[in-house]
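First the structure, in the form of structure tokens, and then the observations on it.
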Amino acid sequence: MADNYLEKKMEEHRSGKNNKPSKRCTPTGTKPGTINVKFPQRRVFVTGGAKGIGRAIVEAFRRADCKVAFCDIDTKAGTATAQATGSQFHPIDVSDVDALEKCMTRIIEAWGDIDVVVNNVGIGNFKPLTEMTIEEFDYVMSVNLRPVFITARRLALHRQSLEAPNTYGRIINICSTRYMMSEPGTEAYAASKGGVASITHALMASLSPLGITVNAISPGWIETGKYEELSEADHLQHPSRRVGQVSDIARACMFLALPENDFINGENIVIDGGMTRKMIYV
């Protein structure tokens, strides 16, 4: 009886019958997609915080009563996010080493320290292998990977200089499921995110004496545009039966930032609705 029931349900799933998106759960909080956590006076720095996932992270930490500063190359979007959230906006290109280091220095001088760094900034530039130039490849690395090293190094240098140590610290690196799976023409992006995954556990080992945990989050399909325009097929291909939202990643950042979650360290948390675990044959 049980075998027949399971076989029937599997056939319905394969045929698409009764495959309707399940209702979203409402996490703890006042709105769907928010989490009710407070970190009074925690100091947070987010790279690439003007829009998309970055803006959601900025908004989440501001709702938690944190001081938040972020940088972005998009001046218009950055100004709008700062005004809407009450955060500090630093308009810089993170591929400029000097600009990024000076940005962090200004924030540390103003606040005394940074408690949480979220390395979110990233670009794609997908094109055929034979059409991508060496300069384009290097630029993707300078935006997606190198800032993770720069921000961690700058924070470590500051923490080493403190007379009274700060025993709380978090670095959260936004990676991607493309670090472990690829399509043609994604060499630069995949390589940069593979680097983010690897440098995460290297930094974990190096920063352990300073009390700083280092983790990564690998999003799958996170829709940053018009979510309501996605098709039923878009949602149902995911085992979770929906496409991801920016709030999914922001909540994970909040979770990793909880002081009691310091035993999670050096990890890369995949948030993709189950897609990388789904067996697919065509």
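Readers should treat all values here as calculations from the given coordinates under stated rules, not as data from a laboratory. Keep in mind that what you see is a predicted model, and the values were worked out from it rather than measured. Note that each Cβ is placed from the backbone with ideal geometry, even for glycine, and that neighbours are counted across all protein chains shown.
Worth a mention:
- Taken over the alpha carbons of the stretch 107-150 as equal point scatterers, the Debye sum produces base-10 log I(q)/I(0) values at 0.16, 0.21, 0.30 Å⁻¹ of -0.56, -0.75, -1.06.
- The lysine pair tally for the stretch 35-277, using Cα distances under 26 Å and a gap of 8 or more places or different chains, is 16.
- Taking the C-alpha atoms only, the angle from helix 246-257 to the longest principal axis of the chain is near 50 degrees.
- The string of couplings for the stretch 101-112 from the Karplus curve (6.51, -1.76, 1.60, θ = phi - 60°) is 5, 5, 4, 5, 4, 4, 5, 5, 5, 6, 9, x Hz, one whole number per residue in order, with x for Gly and Pro.
- Ordering of 86-96, 160-170 by burial proxy (mean other Cβ atoms within 10 Å per residue, highest first): 86-96, 160-170
- Among 128-135, 196-203, 229-236, the order from most to least packed when residues are scored by Cβ within 10 Å on average: 196-203, 229-236, 128-135
- When you restrict to C-alpha pairs under 8 Å that are six or more residues apart and normalise by the size of the chain, the relative contact order lands at 17 percent.
- Kirkwood hydrodynamic radius of the stretch 73-194, from inverse mean 1/r over distinct Cα pairs, in Å: 16.1 Å
- Counting every alpha-carbon pair across the stretch 166-282, the share separated by more than 20 Å comes to 49%.
- The stretch 35-277 - convex hull of alpha carbons, volume per residue in Å³: 134 Å³
- Angle of helix 52-63 to the longest C-alpha principal axis of the chain, folded into 0 to 90 degrees and rounded to 10: 60°.
- As a rough footprinting exposure proxy, the listed residues I57, I264 were ranked by other beta carbons within 10 Å of their own, and the order from fewest upward is I264, I57.
- Residues with amide H under 5 Å from that of R42, placed H, sequence gap 5 or more: K67
- Principal-axis tilt of helix 134-144 within the chain, Cα atoms, nearest 10 degrees: 80 degrees
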